[in-house]
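Written below as structure tokens is the structure these notes are about.
We did not get these values from a lab; they are worked out from the coordinates using the rules stated. Owing to the predicted nature of the structure, the values given are computational and were not obtained by experimental measurement. Cβ sites come from the backbone with ideal geometry, for glycine too, and all protein chains shown count toward neighbours.
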Amino acid sequence: MRIRPAAVADLFYPGDPHVLRNMVDNMLEECEGKFFHMGSVPKALLVPHAGYIYSGVTAAYAYNLLRGADIRRVVMAGPSHRVPCRGLVLPDVDFFSTPLGDVPLDLSGVRMASACAGVSIQNPPHILEHSLEVQLPFLQRVLDDFSIVPLVLGKVSCEAVSQLLHQLWGDARTLILISSDLSHFHDYREACAIDRDSLTRILNREGHLLSHQACGATGINGLLSVASEKGLTANLLDYRNSGDTAGDKMRVVGYASVAFYAAGEQEIAP
């Protein structure tokens, strides 16, 4: 049994399972009731990936929509921060581990993904990468029985990402999850202006975000291409930056959570 151990426990989130469980549950509880559940489950989510004290509540707005959902496969894509790589990279492991337990890889999904253009299997880009790992404790608290197709995005075109998402789109039991923060290290006012433009593009399902607008711009652009083709609607759940949470306002990082629904299905704020 090949396990990718947790790399950022005690760095991005608590390493103690009891503390972690309580922290995640409290963030989810904070978001409860902020959006009406119209009997539908989002097909795709855009979520941030900073330390939980910075972006955890923003992420919780998205994950709270999955409570009770019959999601069995989560296709996860996040940018590489540690190891330069090309294409879309799958790990050569059977499980991802967190303090809350082990999450299995979806073998059929991995096989489908590995057959797509630009996809390779290699462990180095995954070993220290946080953009996917920080999503798992949230998923473990809101879903009962799921597996993952974890992809680190290196130097790759949004066309390659959209082609892979088309291949793995699946039915209502498959969730697409794109991990990305927004602008980095501008002052508070400038960051808000940049992020406002980025979110307008995202909500209108217009791609062409650049790397200075989002570290996971390629993944976002790939999702927006597919969302536009399939007629999904995009709903902004939460936006804030590190100046609003646990940082100063001189050099901030932007965070947003966005839910994508099939036409006619969406969350509505009370």
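So the values come out like this:
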quantity	calculated
For the stretch 99-105, 3J(HN,Hα) per residue [Karplus equation, 6.51 cos²θ - 1.76 cosθ + 1.60, θ = phi - 60°, Hz, x = Gly/Pro]	x, 8, x, 9, 10, x, 7
For the stretch 46-112, alpha-carbon Rg relative to the globular expectation (2.2 N^0.38 Å, N residues)	1.29
Hydrodynamic radius of the stretch 102-225 per Kirkwood, over alpha carbon pairs, in Å	15.8 Å
Distant-in-sequence amide H partners of Leu237 (H built 1.01 Å from N, under 5 Å)	Ser257, Val258, Ala259
Whole-Hz ³J(HN,Hα) from phi, Karplus 6.51 cos²θ - 1.76 cosθ + 1.60, for the stretch 66-82, glycine and proline x	9, 4, x, 6, 8, 9, 10, 10, 10, 8, 10, 9, x, x, 7, 10, 10
Spatial separation of Cα centroids for the stretch 109-137 and the stretch 18-35, in angstrom	27 Å
Beta bridges by DSSP in the chain, antiparallel share as percent, to the nearest 5	45 percent
Amide hydrogen neighbours beyond the local backbone of Ser97, cut-off 5 Å, H modeled	Arg4, Ala6, Val103
Simple Cβ-charge dipole of the stretch 3-261, Lys/Arg +1 and Asp/Glu -1, about Cα centre, in debye nearest 20	520 debye
Helix-only [θ]222 nm of the chain, DSSP H runs n ≥ 4, -39500 (n - 2.57) each, per residue, nearest 500	-9500 deg cm²/dmol
For the stretch 108-122, 3J(HN,Hα) per residue [Karplus equation, 6.51 cos²θ - 1.76 cosθ + 1.60, θ = phi - 60°, Hz, x = Gly/Pro]	5, x, 5, 4, 4, 5, 5, 7, 7, 4, x, 9, 10, 10, 7
Potential lengthening between Lys155 and Glu190 on full extension [0.36 nm per residue; Cα-Cα distance subtracted]	9.9 nm
Exposed-site-free run, longest, the chain (rule: trypsin sites (Lys or Arg not before Pro); DSSP loop; at most 16 other C-beta within 10 Å)	83-172
Lysines with Cα under 18 Å of Lys230, excluding same-chain neighbours fewer than 8 positions away	Lys43
Over the chain, relative contact order from alpha-carbon pairs under 8 Å, at least 6 apart, %	28 percent
Alpha-carbon spread of the stretch 176-226, three principal axes, descending order, Å	32, 18, 15
